[in-house]
Every structure is written in C-alpha cells, then in structure tokens.
Amino acid sequence: MIIGSKKIYYEKLSSTNTMAATLIRKGNIQEGTVVHAGYQFSGKGQAGNRWESEDGKNLLISIILYPTIVKADQQFIISKVISLGLVDFLRQVTGNIFIKWPNDIYVKSDKIAGILIENTVIRNDIEHTIAGIGVNINQTRFSADIPNPTSLKIITGEEHDLENCFSSLTKAIDTRYKQLLYERKNQIDKDYISSLYRFNLWSEFNDNKGIFEGKIVSVTDSGRLQIEDRRGRIYEFGFREVDFL
Ligand code: BTN
C-alpha cells in the first residue's frame, strides 16, 4: 500500500488540506500519508467555497502524494485517479455513481463527495499533491444552501462504519494510483470518460453566451470539457466556464 501506509487522525482541526500543507512544510512526510479528521472548523471546498460536514458523520481526508511521474501540464490525471478511486469505492456499496466533470462525485443527480486537489508546482514538475476528499457517509440533514447533497445513509437507509469506509476508500484509491505509476494511463482515461455524468447524452448547458443544447464527447488531457452541439461543432470549456442545467 502506498496510500494509507501512514494515517494521522485529528478529532477536530481547521481543514485536513491545511494540516497536510503544514506537515509537508515541516518535512519528512512519506508519500501516501493520509490526514484524517472527525470534524473541520473551516473545511475548504472548490473555488473558495466551504465544505460542510457534521461532526463524526463523514469521511474527511487529505492524501499526500509526490507524483514525480506526472508533469504539471498533465496534472488533471491526478484528479481522474482520485475520482475513480471514489467511484470504485462507492460502487462496492451502491449503483448509479458518476463523475460530474471535473471531479464531483454523484449518485444519480445528487452530490455525495467532493475533491479539492492542491498541487504545488515547480516549473513543469509537481513537487507535492494534497488530495482533499470529503465523502458524505452518515449525515442525513444538510444546510439549505447546499444545492443537491446526498450521503450513503440517505441512499441505503443504513448507518455505515466510518473505519471500514476509510479502509475501502484508501485501498480503492491506492489501486488507481498504482495504475498511474505503472503507466496504465489509457485505462484511467477510458474509465474516467465512461463514468462521466451525462456522457454522450443530449442535455442543456449554460455558458457565458447563454443556454445551449449539447452532449459531452470528451475531456482533454489538460482537463477541459468538450461538448458537441446539434450542428456537430465542438466547444471546449475550463472549470467554471460552463454549468450543467
Ligand atoms: C468541493 O467543493 O466539492 C470540494 C470539497 C472537498 C472537501 C474536502 S473535506 C477534506 C479536505 N479538507 C478540506 O478542507 N477540504 C477537503
């Protein structure tokens, strides 16, 4: 095992990503170390949002990686690896799991997990990666301002053991990370595309020019989403440049 070879648990902290960064700064943190918390005072979401999680109900982890094999301009592959690890873990429990581009994890049309990857880049190399993951496990009530949350308990009606979930999730991500290290990038790309939410389905999107109909046809190596319109033209979008309606 690389991922989960070392675990550091905190009952409460500000954010596992922030703690991981502090530990890396202090030095000597081995690859695959997982920072795990029961509660975060200021859990970080994408784009400066906060990540809500009730005390002791969910999985809140950050994985420290040194992916020397990945060049900075190809860093989106790390996002794919982590997303697929989550998908593999969740598919052991339930169905209808998708990756909503770029890396939200959905059950049907609801979000069950979020990923916040923070890469520190020097020239075209990644010095280290902090892969922050929040998975809703046993929480059943969420703030009204969270758009479409769900959890394993909401879906299955049962309480899930957090320790078991931790082991299964880190194992699943470890397997995917090894695919990356052993150069099985094609498999990662293929599985990522086939797990995409609304892949190849005509549906409505919204960009800075307004609402349009299209279907997702691919994601570039740099992580840009490709959508084809009814006239066969393909448009590319970066993160937050397009909304799914
Ligand atoms: C998102 O907005 O979807 C990303 C959410 C990422 C949340 C996780 S919880 C563990 C880790 N620590 C943080 O502060 N954020 C990530």
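The values are calculated or read from the model by the stated rules, or taken from the named source; none is laboratory data. As the structure is a prediction and not an experimental result, all values here were calculated from the model. Cβ: placed from backbone, ideal geometry, glycine included. Neighbour counts: every protein chain shown. These area figures cover heavy atoms from the full protein model, side chains too; ligands, DNA and RNA do not enter into them. Shrake-Rupley method; radii C 1.70, N 1.55, O 1.52, S 1.80 Å.
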- Task: Enumerate the strands (runs of 3 or more DSSP E) found wholly within segment 199-243, keeping only those where 2 or more residues are more than 20 Å from Tyr106 (Cα to Cα) and not polar (S, T, N, Q).
- Result: 210-219, 225-229, 234-237
- Message: Just to be sure I understand, how many residues within segment 27-42 are modelled with pLDDT of 95 or more and more than 12 Å from the ligand (Cβ to nearest atom)?
- Response: 5
- Which residues, counting only those in segment 129-173, are within 13 Å of the ligand (Cβ to nearest atom) and part of a helix (DSSP H, G or I)? Phe166, Leu169
- Given (1) open to solvent by 10 Å² or more (accessible area, probe 1.4 Å); (2) more than 10 Å from the ligand (Cβ to nearest atom), Leu116 misses just (2)
- Which one is nearest to the ligand (Cβ to nearest atom), of the residues in segment 43-65 that are farther than 30 Å from Glu158 by Cβ and surrounded by fewer than 16 Cβ atoms within 10 Å (Cβ to Cβ)? Ala47
- Message: Need pairs with beta-carbon distance below 7 Å; first residue at negative phi and within segment 1-13, second assigned to a loop (DSSP other than H, G, I, E, B) and of a type in the set (Ser, Thr, Tyr); sequence gap 6+ or separate chains.
- Response: Lys6/Thr33; Ile8/Thr33
- Message: Given the criteria touching a Gly at 6+ places or on another chain (Cβ under 8 Å) and crowded, with 16+ Cβ neighbours inside 10 Å, does Leu86 qualify?
- Response: no
- Task: Please indicate, with yes or no, whether at least one residue in segment 219-240 is small (Gly, Ala, Ser), touching a strand residue (DSSP E or B) at 6+ places or on another chain (Cβ under 9 Å) and surrounded by 14 or more Cβ atoms within 10 Å (Cβ to Cβ).
- Result: no
- Filter segment 193-225 for residues that are among the basic types (Lys, Arg) and in contact (Cβ under 8 Å) with a residue 24 or more places away in the chain and give the result. Arg198
